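The values are calculated or read from the model by the stated rules, or taken from the named source; none is laboratory data. Just so it is clear, the structure is predicted and the values come from calculations on it, not from any experiment. No Cβ is skipped: glycine too gets one built from the backbone with ideal geometry, and neighbour counts run over all protein chains shown. These accessible areas exclude ligands, DNA and RNA; they are computed on the full protein's heavy atoms, side chains included. Shrake-Rupley method; radii C 1.70, N 1.55, O 1.52, S 1.80 Å.
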Amino acid sequence: MDKNLNPQQIQDLLNDLDCDENVNEDIFPDASSDLSDAESEISDHNTESEEEAENISENEDSSDIDEQSRNSNSFYGRNRYKWSKVPPSRSRVPAHNIIIHLPGLRGPALVKNEISPLEAWSCIFTEDMIELILQHTNEKITNYSENYTSNSVYTYHVTREEILAFIGLMFLTGIFKSAREDARGIWSTKTRGRPIFRTVMSLNRFLFILSCLRFDEQLTREERKKTDRLALISELFNKFIKNCITNYSCSEYVTVDEMLVPFRGRCIFRTYMKSKPAKYGLKIMCLCDAKTHYLYNAFIYSGKEQTSRANTLLIPTRNVLTLTEPIYQTNRNVTGDNWFSSIELVDALKQKGLTYVGTIRKNKREIPLQFLPHRSRPALSSIYGFQKDKTLVSFVPKKNNSIALISSMHHETVTNPETKKPEIIEFYNSTKGGVDALDQKCAAYSVNRRSQRWPTTIFCAMLNISGVNSHVLYCASNPQKRMSRYKFLEELGYALVTPHVMNRRSMTNLSKELKDMIDKFLREVGVELPEDQPAQGPSQNKRPKKSRCHLCPRLKDSNTPRVCSKCMKNVCRNHSVDVIVCAKCQEKY
């Protein structure tokens, strides 16, 4: 085959260049600006209108584009990036579609055949994380006691059982939809209150623990904040993510996207996202399992990064590479939206042993003009462009609209005959919702409390995510026992508060009403109540104290030392009954 260009082909290429220069002024007035880099405070991560219309100017003549398409076997982007019209020939299944490391449980979650809800949650929130919270919270309580002289009965140090009970109450507020409710209403003694909360701890104690929650050492905080904006919670968050990675292996399809945790307090890296319902909050970049919605990896966005000259990758590309690092060389597929997608990202993931599928913004310079919306393109039609390891498709859902997708997993022109949609689009639609589904699950039983401290807000988000992840671990460990997430969180909350309720029952200054509530709760959760010590009557060595009979009218002041053996109240001879027993029965007593 002659590799030299003939005069006609050279003339066609020159025509391509002229056409590109004329059309770009109408379609891409801001082509020099790169929309891939997000701003720090105002995020441009907007995916709510990926099918938005991009109408071509009415003055543009499409005959030149059609002529070029007919006379060439390739498409060319504005930067002369070449796409072939013919798919590459393959004789067997590509190696990048053979998954390594099958999905399922691993690590500590795989030790037992069947795990309980508490054991599943303990795989995510491990003992060292509880000790970390306990240590720094008690340090804050100590500083509070030194700076404020208070004789309150609820300002003492917390114990391990009490911090677990506090977390259990947080989960219960989520399933009762009371996270945003005023705590005074939840602890109310009237009919609108919930007795379980008063059974576990008092309102003042709960609010005191919530205000004293700390996750880092205060003495070294300022020094660590110079290099780490997330120093107030980074240690706990890193342990949490490590446990998520250790206990589960994702399926063959994962999703990258952002999660916005609602927050309107003061924070230097608080983000505004107009496409989100909450608008303002803390952004967490997430990697989730597309099937089970298990959070596998994540990091908190802490402001604009300092880019070095050596690192020339775009910010979305760096974010995806950071999230997918634990699954390098496993042949899994990553699905992302148009904020992440670029030719640079597809090539970078290919080197790491991963494939990518996602929508791509039509202002990328690698996109040929033929893939853009145009009035001459019929509805439900598709155009394909191929390279050795990438496929570009442009689909027209309706007139004057088009959607562009890039894939390194698909290499054929496969279309659903019923919907007329390409296989790439149907695959994207089935795997794009991993992070969004996780966000919806967290919002359904959210434990987020109103707080002006962003570390507390992140901690509540961690509890929400741990509820979803631990439910996935439980279902994988108990495939025969189907349990809804509501029932799972309910049993988890009760299991967390039970040890503290048992300790509280042994207190001697409890009211009879509160003790009856504790006994009722323990019976409901299946705990065998310890036998109470029988009430001791008046001592034989000490003279009984005389008091007025509680059954006589007040006008009759009849003091008596006789005491009822049941209610231990003084009673006179007229209102009491003498019991006659034989000598044999008397020996038993």
| message | One residue is enough: does the range 129-141 have a residue meeting the conditions more than 30 Å from S477 (Cα to Cα) and either under 19 Å from the mean Cα position of the chain (by Cα) or open to solvent by 70 Å² or more (accessible area, probe 1.4 Å) (or both)? | response | yes
| field | Enumeration of residues in the range 318-341 that are open to solvent by less than 10 Å² (accessible area, probe 1.4 Å) and more than 11 Å from V256 (Cα to Cα) | value | I327, T330, R332
| query | Considering only the range 288-323, how many residues are assigned to a loop (DSSP other than H, G, I, E, B), out of contact with any Ser or Thr (no Cβ under 8 Å at 6 or more places or on another chain), over 27 Å from C460 (Cβ atoms) and not charged (D, E, K, R)? | reply | 7
| query | Just one of K388, K362, K304 is farther than 23 Å from S251 by Cβ, charged (D, E, K, R) and in contact with a strand residue (DSSP E or B) (Cβ under 8 Å, 6 or more places away or on another chain); which is it? | reply | K362
| said: Let me spell it out: the conditions are (1) open to solvent by less than 20 Å² (accessible area, probe 1.4 Å); (2) more than 20 Å from Y328 (Cβ to Cβ); (3) out of contact with any Phe, Trp or Tyr (no Cβ under 6 Å at 6 or more places or on another chain), and Q306 meets all of them except one. Which number is the exception? | reply: (1)
| Residue check, N338 in a loop (DSSP other than H, G, I, E, B) and closer than 22 Å to G433 by Cα | yes
| task | Please work out which residue is farthest from L213 (Cα to Cα), limiting yourself to the range 104-122 and to residues that are in a helix (DSSP H, G or I) and open to solvent by 20 Å² or more (accessible area, probe 1.4 Å). | result | L110
| query | Would a scan of the range 90-103 turn up a residue that is part of a helix (DSSP H, G or I), open to solvent by 50 Å² or more (accessible area, probe 1.4 Å) and at pLDDT below 75? | reply | yes
| query | List, please: which pairs have Cβ atoms under 6 Å, are six or more places apart or on different chains, and start with a residue in the range 472-486 that is touching a residue at least 12 places away in the same chain (Cβ under 8 Å) and end with one that is of a type in the set (S, T, N, Q) and open to solvent by 20 Å² or more (accessible area, probe 1.4 Å)? | reply | V472/T292
| field | Residues of the range 462-476 satisfying the condition of being out of contact with any helix residue (DSSP H, G or I) (no Cβ under 7 Å at 6 or more places or on another chain) and either of a type in the set (A, V, I, L, M) or open to solvent by less than 10 Å² (accessible area, probe 1.4 Å) (or both) | value | V472, A476
| field | Single match in F240, F215 (criterion: within 26 Å of G434 (Cα to Cα) and in contact with a helix residue (DSSP H, G or I) (Cβ under 9 Å, 6 or more places away or on another chain)) | value | F240
| said: Tell me the residue from T220, T255, T189 that is within 17 Å of the chain's Cα centre (by Cα) and hydroxyl-bearing (S, T, Y), please. | reply: T255
| said: If I ask for residues that are within 29 Å of P326 (Cα to Cα) and hydroxyl-bearing (S, T, Y), which ones from the range 270-291 would you list? | reply: T271
| message | Six or more apart or on different chains, Cβ atoms under 6 Å: show the pairs whose first residue is in the range 217-233 and more than 16 Å from W454 (Cα to Cα) and whose second is open to solvent by 90 Å² or more (accessible area, probe 1.4 Å) and at pLDDT 90 or above. | response | none
